[in-house]
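> Pasting a structure here, questions to come.
Values in this text are rule-based calculations from the coordinates and carry no lab data. On a predicted model such as this, the values are computed, not experimentally measured, just so you know. Cβ coordinates were reconstructed from backbone atoms using ideal geometry, including for glycine residues, and neighbour counts include every protein chain displayed.
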Amino acid sequence: METISSRVEREMLEDLERISKKRGVNRSVVIREMLKQGMREFKLKEALQLLRERKITVWHAAEMADAT
C-alpha cells in the first residue's frame, strides 16, 4: 500500500473526524473507503459516457466499470 497526501478544507477535515469517530475507525480508513467509492463512481460515469457516444461496447463499459 502506498501513501499519498492532500490538502483539504477545514470543513472536510471536520466531517472526516466526525465520521471516523462515529464509525470507530481512524481517518485513513474513512478516506480509503471514500476514495474507493469515488473511483467506482468515476469509472462508471466514464464508461457510461463512452457507451452513450458509441465509442465502446457494453462489454467494454462493464469491464471499465469493474462490473464483470
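> Can you list the aspartates and glutamates whose alpha carbon is less than 16 Å from that of K55, not counting same-chain residues fewer than 8 positions off?
Straight-line reach from K55, under 16 Å: E46, E63.
> Here is a follow-up. Go through [x] 44, 23, 23; [y] 49, 24, 16; [z] 35, 27, 15 and flag the label whose value is the computed Cα extents along the principal axes in Å for this structure.
[x]
> For the chain, take the longest principal axis of its alpha carbons; what is the angle in degrees between that and the long axis of helix 27-52, to the nearest 10 within 0 to 90?
Relative to the chain, helix 27-52 is tipped by roughly 20 degrees.
> Sticking with this structure for a sec: Once both axes come from the Cα atoms, what is the angle between helix 10-23 and the longest principal axis of the chain, in degrees from 0 to 90, rounded to 10?
Between helix and principal axis, roughly 90 degrees.
> Can you compute the helix-only [θ] at 222 nm over the chain? Use -39500 (n - 2.57) per DSSP H run of at least 4 residues, normalise by all residues, nearest 500 deg cm²/dmol.
Result for the chain, helices only: -23000 deg cm²/dmol.
> Right, here's the next one. Taking the Cα centre of the chain as origin, work out the dipole magnitude from +1 charges on Lys and Arg Cβ and -1 charges on Asp and Glu Cβ, in debye rounded to 20.
Magnitude of the dipole: close to 120 debye.
> I've got another one for you. Can you check what the net charge comes to around M64, using other residues whose Cβ is under 15 Å from the Cβ of M64 (Lys, Arg +1; Asp, Glu -1)?
+1
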